[in-house]
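Some notes on the structure that comes next.
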Amino acid sequence: MNDPGGLPTTLAGFEAAYRQALEAGPLAYYSGAAADELTLGENRAAWDRIKLSPRVMIDVSERDPSVEILGRRHSLPLAIAPTAYHRIAHPGGEEETATGAAAADVTYTLSTLATSRPAPVAEAAPDSDRWFQVYVFRDRAVTMDLVAEAEENGFEALMLTVDLPVLGKRDREIEDEFVVGDAGTVPGIQAAGGKGLLSMQDTADLIDPSLTWDDVAELSSGTDLPVLVKGVLRADDAKLAIEHGAAGVVVSNHGGRQLDTVPATAEVLEPIAEAVGDGPTVLVDGGVRRGTDLAKALILGADAALVGRPVLWGLATAGAAGVEAVIGIVEDEFDRALALLGVPRAAALKGQTDLLFDRK
Ligand SMILES: Cc1cc2nc3c(=O)[nH]c(=O)nc-3n(C[C@H](O)[C@H](O)[C@H](O)COP(=O)(O)O)c2cc1C
């Protein structure tokens, strides 16, 4: 099904269109995950397994999908997860994604491994709400340079990814001999010393595997921006992140791309949210595809969720308009979910586990 503008009306429709648009190598990189891709499958299956228990006869004529994230109002409990190399999906690259995110009024997280630096992305989409994702390169001066550029260009939070000390074993990418392209197309990598045609392994080799909690403390104390630690799957690690100065955590298994057979994020979210308590921000990603998944994330204690691959499906299919449409689909579904759950305000969903069928 397509809308009057010719774009798909479901995320599945966008995924099908993106499969037509891209070649085997990029498809393996974007869609693939680690090893047997068991966690990839579980991420989706776990949201599907959760059943909702709606209330009826509640006035839902006025609904408010907005929530507060990091002390600021957001029109939806949703943001765009950082993903690398957008110019492989679309010639307009990250500028195009940021433009689509601004049109949809959701926050875009620019990756360290972007095919554009923070300044031009901010210039292309000055109205976009934006966060910057940090990989710490072995050459830390390069990382601090990128962070400074993000700070100077209106990025409002840093998201430090901590689940990639080495690259997960990504069989699909290896079999399809996926190459990112020339190092010159990825400014962060070029600055960090990458040269020539790069595989994902070459890229990952530039990232510092010696990171510890002290580095979280150092990053947090060296910036005025809030720092979110992305890639946490345990309650004790989430508490350590907060103790070391993080403003919050992103419960994430990197979309199943790092250590295969770790649990789905929907399974570990609730104990993590409970462990960190009310103050810190808790985000979650991995397999979020439906408005009902967003509602479930909030019910299990998240402040908001991130989507990764669907944004790439939108970008590859129709550039900024595709990104906007993908977010619009989830927004419409979430609005319906609020009405059908009998909870007209998104902010009231957080921690309301009596809205789950098998829980009180
Ligand atoms: C193609 C691709 C590239 C990614 N690149 C990054 C990255 O540069 N930095 C990062 O922190 N996470 C990266 N991730 C992980 C995402 O931020 C996110 O955790 C994951 O995609 C969420 O799962 P979903 O794709 O099922 O929504 C990437 C994921 C994909 C699919």
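Only the coordinates and a few stated rules stand behind these numbers; no lab work does. Predicted, not measured: the structure shown is a model, and the values here were computed from it. Every residue, glycine among them, receives a Cβ derived from its backbone with ideal geometry; neighbour counts consider all protein chains shown.
Each principal axis of the Cα cloud of the chain was evaluated for its coordinate range; sorted largest first, these ranges are 63, 49, 41 Å.
Once you have a ≥ b ≥ c as the square roots of the Cα gyration tensor eigenvalues for the stretch 197-266, tell me rounded if a/c is under 1.5, and otherwise prolate or oblate according to whether a/b is larger than b/c.
Cα axes put the stretch 197-266 in the oblate bin.
Centroid-to-centroid, using Cα positions, the stretch 253-327 and the stretch 13-74 are 6 Å apart. Annotation: amide H of D64 within the under-5 Å range of R345, A346, sequence separation 5 or more or interchain, hydrogens built in the peptide plane. Using C-alpha pairs below 8 Å separated by at least 6 residues, the relative contact order for the chain is 26 percent. Between the amide H of L356 and those of S53, distances stay under 5 Å, these residues lying 5 or more places away or on another chain, with hydrogens modeled in the peptide plane. Whole-Hz Karplus values for the stretch 278-288 come out as 7, x, x, 7, 10, 10, 9, 9, x, x, 6 Hz, taken residue by residue from phi with 6.51 cos²θ - 1.76 cosθ + 1.60 and θ = phi - 60°; glycine and proline positions read x. Could you please report the charge total around P118, scoring K, R as +1 and D, E as -1 over all other residues with beta-carbon less than 11 angstrom from its beta-carbon? My count for the surroundings of P118 gives -4.
Here's the picture: charge each Lys and Arg Cβ at +1 and each Asp and Glu Cβ at -1 in the chain, and of L11, A45, T115 the one pushed furthest to the positive end of that dipole is A45. With unit charges on the beta carbon (Lys/Arg positive, Asp/Glu negative), name the residue among V276, I58, A241 whose Cα is farthest towards the positive pole of the charge dipole of the chain. Positive-end residue among those listed: I58.
Here the convex hull built on the C-alpha positions of the stretch 128-285 has a volume of 123 cubic angstrom per residue.
Close amide H contacts of M159 (hydrogens built in the peptide plane, cut-off under 5 Å, sequence separation of 5 or more or a different chain): F132, Q133, V134, L228.
For the chain, lysine pairs with C-alpha atoms less than 19 angstrom apart, excluding pairs fewer than eight positions apart on the same chain, total 7.
When a/c reaches 1.5 or more, the comparison of a/b and b/c decides; with that in mind, is the stretch 17-96 rounded, prolate or oblate per its Cα gyration tensor? Oblate.
Principal axis extents of the Cα atoms in the stretch 79-129, from largest to smallest and rounded to whole angstrom, are 24, 20, 18.
Computed 3J(HN,Hα) for the stretch 140-154, one whole-Hz value per residue from the Karplus formula 6.51 cos²θ - 1.76 cosθ + 1.60 where θ = phi - 60°, is 5, 4, 5, 4, 5, 5, 5, 4, 4, 5, 5, 4, 6, 10, x, glycine and proline marked x. For the stretch 165-238, relative contact order (Cα pairs under 8 Å, six or more residues apart, normalised by length) works out to 27 percent.
Each residue of the stretch 206-218 is assigned a 3J(HN,Hα), and the resulting list reads 7, 8, 7, x, 9, 4, 9, 4, 4, 6, 5, 4, 5 Hz, derived from the Karplus form 6.51 cos²θ - 1.76 cosθ + 1.60 (θ = phi - 60°), x at Gly and Pro. Here the extension length gained between S199 and R49 equals 50.4 nm, from 0.36 nm per residue of separation less the Cα-Cα distance.
Listed from fewest to most Cβ neighbours within 10 Å, the set W213, W313 follows the order W213, W313. P(r) for the stretch 47-199, from all Cα pairs and a bin width of 10 Å, is 10, 33, 31, 16, 8, 2, 0 %, short bins first. Between helix 265-276 and the chain there is an angle of about 80 degrees, using the helix long axis and the longest principal axis of the Cα atoms. In a DSSP loop and with at most 13 other Cβ atoms within 10 Å, the GluC sites (Glu not before Pro) in the stretch 108-190 are E177. Working note: Cα gyration tensor of the stretch 112-153, eigenvalues times five, square-rooted, sorted largest first, giving semi-axes of 19, 9, 8 Å.
Legend: ranking of residues K169, K195, K230 from fewest to most surrounding C-beta atoms inside 10 Å; resulting order K195, K169, K230. Determine the sum of side-chain charges near A273: Lys and Arg each +1, Asp and Glu each -1, restricted to other residues whose C-beta is under 11 angstrom from that of A273. Charge balance in the 11 Å sphere: -3. Alpha-carbon geometry of the stretch 201-360: the Rg and the Dmax are 17.0, 50 Å, given in that order. Once the Cα atoms are used to define both axes, helix 11-21 deviates from the longest principal axis of the chain by about 30 degrees. Among G342, G301, G287, the largest mean-square fluctuation in a Gaussian network model of the chain (Cα springs under 10 Å) belongs to G342. With Cα atoms defining each centre, the stretch 98-149 and the stretch 176-240 are spaced 13 Å apart in the structure.
Neighbours of R63 by Cβ distance under 15 Å: Lys/Arg scored +1, Asp/Glu scored -1, total -4. Projecting the Cα atoms of G287, I80, V142 onto the dipole axis of the chain, where Lys and Arg carry +1 and Asp and Glu carry -1 at the beta carbon, places G287 farthest toward the positive end. Look at the Cα gyration tensor of the stretch 94-180: its axes a ≥ b ≥ c give a/c of at least 1.5 with a/b at or below b/c, and that counts as oblate. Taken about its Cα centre, the chain carries a charge dipole of roughly 800 debye when the Cβ of each Lys and Arg holds +1 and the Cβ of each Asp and Glu holds -1.
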